[in-house]
Structures are given as structure tokens and as C-alpha cells.
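Participant: First, the structure itself, so that you have it in front of you.
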Amino acid sequence: MAADRAAFEAKQKAEVENTFLPVTFPKDHPLRVLYVGDSLGNGYAATSDAQFFRNIATEKLKAYGPVEATFAGRPSLTAEAALAEYRDKISAEYDLVVMEIGTNDWSKVPVPTFTETYPALIKAVRAASPNAALLCLGAWGDGIKVGPFNMVIQPTCQAAGGKYRDLNAVFAPSGNKWINGVRDNGTKVDTFHPNDKGHAAIADVILAALRIS
């Protein structure tokens, strides 16, 4: 009975650990991180560069060792455009890759097209960084609208040995976006993109997915 319980608990622990993404800091160079993203990754609506989710995540990663971060992206970026425009950056080798692509696809691209372009993008990333820890974020937006695209992102990422994290729980709370689309300093943005609190929450999703050693 004790042996059965121990085996059951070990299996449960293994299943829980399997949901996380192991990240090992290299001994001979900084942790090379690639963020691929659109306007969210580009920090739109944040009050400063320091409040971009990718910069928050990078700074917190530095608590474990040196980090060299690269961003491949721009506002309105789709999966197809990411591969076409940033192939040079994607083709370099990284230790950790964070994909934040799909938000513009759900508003511009048919699902059948995305089922081809997103896997092609992941394939290119994997070809250049076969041993990288791969984390794929779901699309930013209403759960019903982004759902069909997340159903492409998740299995594609997992098939490539990566882990998937949904952003619906970050998008849904109104407190994670600017009230009436206006920053605290009075400048106008929109009610769709994350505010500073929302960017911090996305960074938390990224960091919580990692098992760092």
C-alpha cells in the first residue's frame, strides 16, 4: 500500500513538473532569449520601455544570471510576416524562445491559413534553435474569437517540444487595460492593449511557466 501511494505521488509530481518549461543558464555565455511578437511585444500602451512585458521578464531572469535578449517583431505582425521579415533574427541560435504571435492573425487571417503559417514559423525557430526552451503564448483577445487560433498554437508548440500558456485570464479583467483607453498621464491609447498592470501580468505568466536552473 505504501509503495503504491509513493508511486502515485511520484507520478503526480512528474505530471505537474511536465507542465513547466526547464530553462538552464549556460555556463559559457549569457542566456540568449528571443521574443517574437507584435504590438504587445513591442510594448504598445505601456508607459515606458521598462514596463514592456518582455523587458520585465528579461530583468527578472537576470536574477539568475546574465541575459542577452533579442526582439523580432513590430505592431500588426502576423505569423507569415514574422517569418518573412525577421528570418535573420529567427535564424540565430537561442536558449529560450518566447512566441507572442496570433493576435493579429485572428483579426486578419483565416484559420486555415494560420494552420500553415504558424507551424512554418515554429519550424523555422526549431531549425535554428533545436535545443532552445520554447514557450508559446496564446493570442490576446476575447476567448471566443481567439479560441480557434489558440487551438493551432497549442498543439503546434507542444509538437515542437514547447509549452503553451493561455492569456485569456490576463485579457479578461478590465483592470489589465486602460480605462476608456487613456493612460494615467492623460495620453490616449485604446481599450484593447494591456496597460502596465497587464504587461506585468503577461511577464508573470512567462516566468511562472519556467523551471530555471
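Participant: In whole Hz, what ³J(HN,Hα) sequence does region 72-78 give by Karplus (6.51, -1.76, 1.60; θ = phi - 60°), x for Gly and Pro?
Facilitator: In residue order, the calculated couplings are 10, x, 6, x, 6, 6, 9 Hz.
Participant: As a test of the definition: which semi-axes, in Å, follow for region 164-212 when you take the square root of five times each eigenvalue of its alpha carbon gyration tensor? Largest first, please.
Facilitator: Largest first, region 164-212 gives 24, 11, 7 Å.
Participant: In square angstrom, rounded to the nearest 10, how much accessible surface does His29 have for a 1.4 Å probe?
Facilitator: Accessible area of His29: about 50 Å².
Participant: Now for a separate question. ³J(HN,Hα) across region 126-137 via Karplus (A = 6.51, B = -1.76, C = 1.60, θ = phi - 60°), whole Hz, x for Gly/Pro?
Facilitator: 5, 4, 7, 10, x, 9, 6, 6, 10, 10, 10, 8
Participant: Can you compute the helix-only [θ] at 222 nm over the chain? Use -39500 (n - 2.57) per DSSP H run of at least 4 residues, normalise by all residues, nearest 500 deg cm²/dmol. Walk me through the numbers before you get to the answer.
Facilitator: Working: 9 runs with 94 residues, N = 213.
Value at 222 nm, helices only, nearest 500: -13000 deg cm²/dmol.
Participant: Which sequence of Glu116, Glu85 reflects their accessible areas, 1.4 Å probe, from the largest down?
Facilitator: Descending accessible area places them as Glu116, Glu85.
Participant: Leaving ligands, DNA and RNA out of it, report the carbon-plus-sulfur percent of the accessible area of the chain at a 1.4 Å probe.
Facilitator: Numbers: 5710 of 10410 Å².
The nonpolar share, carbon plus sulfur, comes to 55 percent.
Participant: So who's got an amide H within less than 5 Å of the one on Ile212, skipping anything under 5 residues away but keeping other chains? H placed 1.01 Å off N, in plane.
Facilitator: HN-HN under 5 Å from Ile212: Val23.
Participant: Something else now. Show the residues, 5+ positions off or on another chain, whose built amide H is closer than 5 Å to the amide H of Arg32.
Facilitator: For Arg32, whose amide H was placed from the backbone, the distant partners under 5 Å are Glu68, Asp95, Leu96.
Participant: If you don't mind, there's one more thing I want to ask. How far is the Cα center of region 126-188 from the Cα center of region 194-213, in Å?
Facilitator: After rounding, the separation between the Cα centres reads 11 Å.
Participant: Here's another thing I want to ask about it. What do you reckon, how do Tyr164, Tyr118 stack up by accessible area (1.4 Å probe), largest on top?
Facilitator: Highest to lowest solvent-accessible surface, that is Tyr164, Tyr118.
Participant: Here is a follow-up. List, in order, the whole-Hz ³J(HN,Hα) value for each residue of region 52-68 obtained from phi through the Karplus relation with A = 6.51, B = -1.76, C = 1.60 and θ = phi - 60°; use x for Gly and Pro.
Facilitator: Running phi through 6.51 cos²θ - 1.76 cosθ + 1.60 with θ = phi - 60° gives 4, 4, 5, 6, 4, 4, 4, 4, 6, 5, 5, 5, 9, x, x, 10, 10 Hz.
Participant: Given Cβ point charges of +1 (Lys, Arg) and -1 (Asp, Glu) and nothing else, what value in debye, to the nearest 20, does the dipole of region 83-213 about its Cα centre take?
Facilitator: Here the size comes out at about 100 debye.
Participant: So what are the radius of gyration and Dmax for the Cα set of the chain, in Å?
Facilitator: 17.8, 65
Participant: Please compute the modelled spin-label separation between Thr70 and Ser91, points set 7 Å along Cα→Cβ, answer in nm with one decimal.
Facilitator: Taking the simple label geometry, Ser91 and Thr70 are separated by 1.1 nm.
Participant: If you take every residue apart from Phe149 with its C-beta less than 12 Å away from the C-beta of Phe149, what net charge results, scoring Lys and Arg +1 and Asp and Glu -1? Kindly include the intermediate steps, with their values, before the conclusion.
Facilitator: Details: positive: Lys108, Lys145; negative: Asp105, Asp142, Asp166.
With Lys, Arg at +1 and Asp, Glu at -1, the net is -1.
Participant: For region 111-213, what ratio Rg/Rh do Cα atoms give with a Kirkwood hydrodynamic radius?
Facilitator: Using Cα coordinates only, the ratio equals 1.04.
Participant: Given the pairs Lys27/Lys197; Lys27/Lys89; Lys62/Lys177, which are separated by over 30 angstrom at their Cα positions?
Facilitator: Lys27/Lys197
Participant: While we're on this one: When you take every Cα atom in region 115-158, what is the radius of gyration, and what is Dmax, the widest Cα pair distance, in Å?
Facilitator: 11.3, 34
The values are calculated or read from the model by the stated rules, or taken from the named source; none is laboratory data. What you are looking at is a predicted structure, and each value in this text was computed from that prediction instead of being measured. Here the Cβ is made from the backbone with ideal geometry for all residues, glycine too, and neighbour counts use every protein chain on show. Note: areas computed on protein heavy atoms with side chains; ligands, DNA, RNA excluded. Shrake-Rupley method; radii C 1.70, N 1.55, O 1.52, S 1.80 Å.
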